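Since the structure comes first, as structure tokens, the remarks are kept for the end.
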Number of protein chains: 2
Amino acid sequence: MELYEIFMDLALIILAAECFGLIAKKLKAPQVVGQIIAGLIIGPTVLGLVHTSDFIGAMAEIGVMLIMFSAGLETNLKDLMKTGLLALLVACVGVFVPLVGGYFLYSFYHFGGLTAIGSPEFYESLFIGTIMTATSVGITVQVLKEMGKVKTRVGTLILSAAIIDDIIGIVVLTFVISLAGGSDSAGGIADIINKNMGDVAKVIVNVLLFFVFTILAGILIYKVFKVLNKKYPHHRRLPIFGLAFAMLMAFCAEKLFGIADITGAYAAGIILCSLKDSDYVAEKMDISSYMIFGPIFFVNIGLKTQLDSLDSNLLVFAVLFVIVALITKVIGCGGVAKLAKYNLSDSLKVGIGMMTRGEVALIVASKGLSVGIMDQKYFAPVILLIICSSIVSPILLKVLFKKDKNDGNDPDNNEEAPKELETAASAG
Amino acid sequence: MELYEIFMDLALIILAAECFGLIAKKLKAPQVVGQIIAGLIIGPTVLGLVHTSDFIGAMAEIGVMLIMFSAGLETNLKDLMKTGLLALLVACVGVFVPLVGGYFLYSFYHFGGLTAIGSPEFYESLFIGTIMTATSVGITVQVLKEMGKVKTRVGTLILSAAIIDDIIGIVVLTFVISLAGGSDSAGGIADIINKNMGDVAKVIVNVLLFFVFTILAGILIYKVFKVLNKKYPHHRRLPIFGLAFAMLMAFCAEKLFGIADITGAYAAGIILCSLKDSDYVAEKMDISSYMIFGPIFFVNIGLKTQLDSLDSNLLVFAVLFVIVALITKVIGCGGVAKLAKYNLSDSLKVGIGMMTRGEVALIVASKGLSVGIMDQKYFAPVILLIICSSIVSPILLKVLFKKDKNDGNDPDNNEEAPKELETAASAG
């Protein structure tokens, strides 16, 4: 491919994202839904004008990294501390309920009843549950940003729970894979436990190390940035160094600790969120994001979609799979929020905000395929889940926030100013 | 390569670019010089921390596209019309003098005297001249932008001449290659002329067609954008559609007419330069550019440098090659400006602004290698030329502009406000 050919793909992506985003907005739906549908339409599913590529994938990764960094920057550190324990609980229950739900669905659908613990069928079923565990936070964050809700109590809770949930998802994946792998081997039960414990302990140690690393790096780097901020207030040097720092954190998180790169970027944002100019830095990130990287991330979700393998039998399963995956998250996460005395509307927002699935579900599925615990054809339901949750969750979230506003129960009404106007005003 | 690994490379590029840019600024040199040197240092030439890749190359291409689009947006259409004929003349002479200079250098250095017209040695020598013809405008534009000089008489002349010069360079390349190819073949002189005329005519027709295409598309698209601008003043929709349009023009220029993609992007900028919000659009492009794409373009020049094949004999030739290439451009372009009654300082600025060579010289050289008219080892002198011109030209330009300012002869003094402060103020 010649270099200039990327421009055609990028132009189509940007144009389609903007046009369908606009249509979505006119229909009172979140713009990201329009952008994902734009990807479905210009991608192989409908028109086949643009195909995803390594380059587009890399640009999309930068896009979600920027979104997470910016979300971190907009976090209120005090609120985060306050919601920390609750977020952990939301994440745990939000992983557990879908895991069990997926297990039940597959067991009953394929084997007509519960499968015996330890049997290959059991692990197969449990693995389907595992795919359902991890929330994909990128889309929800963008919706929260669109509505100016990142800094609210609900926004902070969703964000931190989704981050923790990713990590728990990895622990569960490691656990299930090694259990299933262990049960195939000829070793005794002690061997299996040893092996599992080793893998799981490694993941947990890595998570703790990343936590320590983030705090240590955070203290040091925050001091450097504070000096920088004082010396160059509102200077482009600040967002440039901030971006480089976020990229380094993204890299380190995944390379050194095996944690998702976007978690590293989010951590970088949190480290810098108390800077005087954190809003200025976030604004510059948002411009790069909405001009080019953001649309690519959302359109690419649609571009990557391939639904060839969906026959009628699989379709029924896929529909059930999507329904179970969505409902179990709402029950798990929303339930914990409700128990923590959130009102019904806010609890629902938490549950629905956690509903979105994305890359991680695909990664888990790929892992299952490669170790032979899952059949290739189950990719189709996973993709359907990603699309449905990416479209349904933003729409429901927007409805809930709107309803609050109309009912006059919105404590964060002042943050409702549309992002676009803010940007326009600040640039004016 | 895993997706997250791009973040390490990008972070290093951005950090090195900013740090060396800062050092360059402290030393009163243009920041792009610092960024190119940053590339040399972190690239294979010195530390080997980052290697160029398809991804980095594509990001760099977006970078130079953004710079050219933004330069087009900042163009004053009336000035461009006024300087049009002069720019054509500057470009023609600026191609002719280096072509002859390169021919003389190679003929005397390798064959000890002039080579017979039509002989293989003649074409070999002429080809070395051909490599010297095309100016690379990206670096000069960034320097002009850094100093707020794009809209000045000199800035407009350099920019338009450099664009035309690219096109003439392609005509010359086509001519020389087909002449040389023709002389190898067994056909008669009539055949050779027919073949050449065919190729050259094709290039000229393409250029004319692109011109017509740009005017027609321009009239239509400008009207659309004018309506858009009226409906959404200072709205992010404008730069987003602008960017997509620039990308489409870049693609069309190269795909349909065989003209450099950056010329298409520049044309897109000129089409939109009379919009009420053209400055607003340019500002948004500049943010994406300085945050990420711009540094990658300049650092990548350093990253791509490989000087392994430089032995002492070739080194002497390379030094002469660089000197001839630089001086002939200054004489050719500056001479025409002087004849057109520009004062000495402005004439020098035009000549020095046109000195930079870049991608096109490498592309010409690659073409020569692939048709067998040039040896692989001559890549080293070409790369040396690109580095030297990229470093020398910005420094000299800055000195000349500074001198004018100190002498109080600067008619554009009001545009001298540093770009960074402007951006900071507008975002404040």
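The values are calculated or read from the model by the stated rules, or taken from the named source; none is laboratory data. Given the structure is predicted, the values throughout are model-derived calculations rather than measurements. A quick note on method: Cβ atoms are made from the backbone with ideal geometry, for glycine too, and the neighbour counts reach across all protein chains shown.
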Report the residue count in the stretch B:305-343 for those that are among the small types (Gly, Ala, Ser) and in contact with a Gly (Cβ under 8 Å, 6 or more places away or on another chain).
5
For A:Ile221, only one of the following conditions fails: (1) more than 15 Å from B:Ala11 (Cβ to Cβ); (2) touching a residue at least 40 places away in the same chain (Cβ under 8 Å). What is its number?
(1)
Within the stretch A:59-84, residues surrounded by fewer than 24 Cβ atoms within 10 Å (Cβ to Cβ), within 20 Å of the chain's Cα centre (by Cα) and more than 25 Å from A:Leu238 (Cβ to Cβ) come out as A:Thr83, A:Gly84
Of all residues in the stretch B:194-250, which are over 20 Å from B:Cys273 (Cβ atoms), at pLDDT below 90 and of a type outside the set (S, T, N, Q)?
B:Lys195, B:Met197, B:Gly198, B:Asp199, B:Val200, B:Ala201, B:Lys202, B:Val203, B:Ile204, B:Val205, B:Val207, B:Leu208
Options A:Thr305, A:Thr328; residue that is assigned to a loop (DSSP other than H, G, I, E, B), within 18 Å of the chain's Cα centre (by Cα) and closer than 19 Å to A:Ser390 by Cβ
A:Thr305
How many of the residues making up the stretch B:26-41 are of a type in the set (A, V, I, L, M) and buried (at least 24 other Cβ atoms within 10 Å of the Cβ)?
5
Flag if B:Tyr109 is buried (at least 22 other Cβ atoms within 10 Å of the Cβ) and either touching a Phe, Trp or Tyr at 6+ places or on another chain (Cβ under 8 Å) or without any contact (Cβ under 8 Å) to a residue 40 or more places away in the chain (or both):
no
Hits in the stretch B:372-391 (condition: over 14 Å from B:Leu307 (Cβ atoms) and in a helix (DSSP H, G or I)):
B:Ser389, B:Ser390, B:Ile391
Out of the stretch A:7-33, which residues are without any contact (Cβ under 8 Å) to a residue 24 or more places away in the chain and within 16 Å of A:His51 (Cβ to Cβ)?
A:Phe7, A:Met8, A:Ala11
Being more than 14 Å from every other protein chain (Cβ to nearest Cβ), closer than 22 Å to B:Met132 by Cβ and in contact (Cβ under 8 Å) with a residue 60 or more places away in the chain narrows B:Val324, B:Val316 down to just B:Val324
Looking only at the stretch A:359-374, which residues are among the hydrophobic types (A, V, I, L, M, F, W, C) and either at pLDDT below 80 or out of contact with any Phe, Trp or Tyr (no Cβ under 7 Å at 6 or more places or on another chain) (or both)?
A:Val360, A:Ala361, A:Leu362, A:Ile363, A:Val364, A:Leu369, A:Val371
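Yes/no matrix, rows are residues, columns are (1) of a type in the set (A, V, I, L, M); (2) within 21 Å of A:Ala38 (Cβ to Cβ); (3) surrounded by fewer than 20 Cβ atoms within 10 Å (Cβ to Cβ):
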| site | (1), (2), (3) |
| --- | --- |
| A:Gly332 | no, no, no |
| A:Gly335 | no, no, yes |
| A:Ile352 | yes, no, no |
| A:Met355 | yes, no, no |
| A:Val371 | yes, no, yes |
| A:Ile391 | yes, yes, no |
